[in-house]
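Engineer: Sharing a structure, written as structure tokens. Questions coming.
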Amino acid sequence: QVQLVESGGGLVQAGGSLRLSCVASGTIFSIGSMGWYRQAPGKQREFVAVDNSGGRIRYADSVKGRFTISRDNAKNTVYLQMNSLKPEDTAVYFCNARLTATWNSGWGDYWGQGTQVTVSS
């Protein structure tokens, strides 16, 4: 069993900052990528940022220069520092991890339950 638990969401004014955290726990052998996606009301889930390990990081164009993703591999944790927040950043933010549970299992995608981020104008 693998669990991803996000925290750090909330309500913030435009221009403010939030820091999201996501901890992966359970039976984990190796974690490849860890990243963040978001889903606004009435819209499809979209990519925000990913850390593919080894310093390979990508961002959606809409958040470049404002959001920073980082990882603590010792804690199986990924963070998303969000600065200069805009109302259009309002969404449920989901953590994603691609990992193997055991030495001989395949890679699987796991998701957290999501944390709400609301940016007021």
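Every number in this text was worked out from the coordinates using simple rules, so none of it is lab data. This one's a predicted model, so the numbers in the text were calculated from it and none came from an experiment. Neighbour counts run over all protein chains shown; Cβ positions are idealised from the backbone, glycine included.
Engineer: Please give the net charge around Ala24, taking every other residue with its beta carbon less than 15 angstrom from that of Ala24, where Lys and Arg add +1 and Asp and Glu add -1.
Structural biologist: Details: positive: Arg71, Lys75, Arg98; negative: Glu6, Asp51, Asp72, Asp109.
So the surrounding residues net to -1.
Engineer: What is the sum of charges, Lys and Arg at +1 and Asp and Glu at -1, for the other residues whose Cβ falls under 12 Å from the Cβ of Glu6? Intermediate results must be reported in sequence, preceding the final value.
Structural biologist: Working: positive: Arg19, Arg38; negative: none.
For residues surrounding Glu6, the net value is +2.
Engineer: Which of Tyr110, Tyr93, Tyr37 moves the most in a Gaussian network model of the chain with Cα springs under 10 Å?
Structural biologist: Checking each option, the largest mean-square fluctuation is seen for Tyr110.
Engineer: Considering Cα pairs under 8 angstrom that are at least six residues apart, work out the relative contact order of the stretch 1-51 and quote it in whole percent. Before the final figure, lay out the partial values.
Structural biologist: Working: 57 pairs, mean separation 15.0, N = 51.
Rounded, it is 29 percent for the stretch 1-51.
Engineer: Let me ask you something else. In whole Å, what are the extents of the stretch 36-105 along the principal axes defined by its C-alpha atoms, from largest to smallest?
Structural biologist: 43, 25, 19
Engineer: Here's something else I'd like to know. Work out the length of the dipole vector of the chain about its Cα centre, built from +1 on the beta-carbon of each Lys and Arg and -1 on the beta-carbon of each Asp and Glu, and round it to the nearest 20 debye. Don't jump to the answer; show the numbers that get you there.
Structural biologist: Working: 12 positive and 8 negative charges, 32 e Å.
With Lys and Arg at +1 and Asp and Glu at -1, about 160 debye.
Engineer: Report the net charge of residues surrounding Arg58, where surrounding means a beta-carbon distance below 14 angstrom and charges are Lys +1, Arg +1, Asp -1, Glu -1. List each step's numbers first, then the result.
Structural biologist: On the way: positive: Arg56, Lys64, Arg71, Arg98; negative: Glu46, Asp51, Asp61.
That sum, taken over residues with Cβ under 14 Å, equals +1.
Engineer: Across 10 Å bins from 0, what is the distribution of all Cα-Cα pair distances for the chain, in whole percents?
Structural biologist: The calculated distribution, bin by bin, is 14, 47, 29, 9, 1.
Engineer: Points 7 angstrom from Cα along the Cβ direction at Gln3 and Gln113: gap in nanometres?
Structural biologist: A separation of 0.9 nm, rounded to one decimal place.
Engineer: Here is a follow-up. Measure out, as a whole number of angstrom, how far apart the alpha-carbon centroids of the stretch 69-121 and the stretch 5-30 sit.
Structural biologist: Distance between centres, Cα-based: 6 Å.
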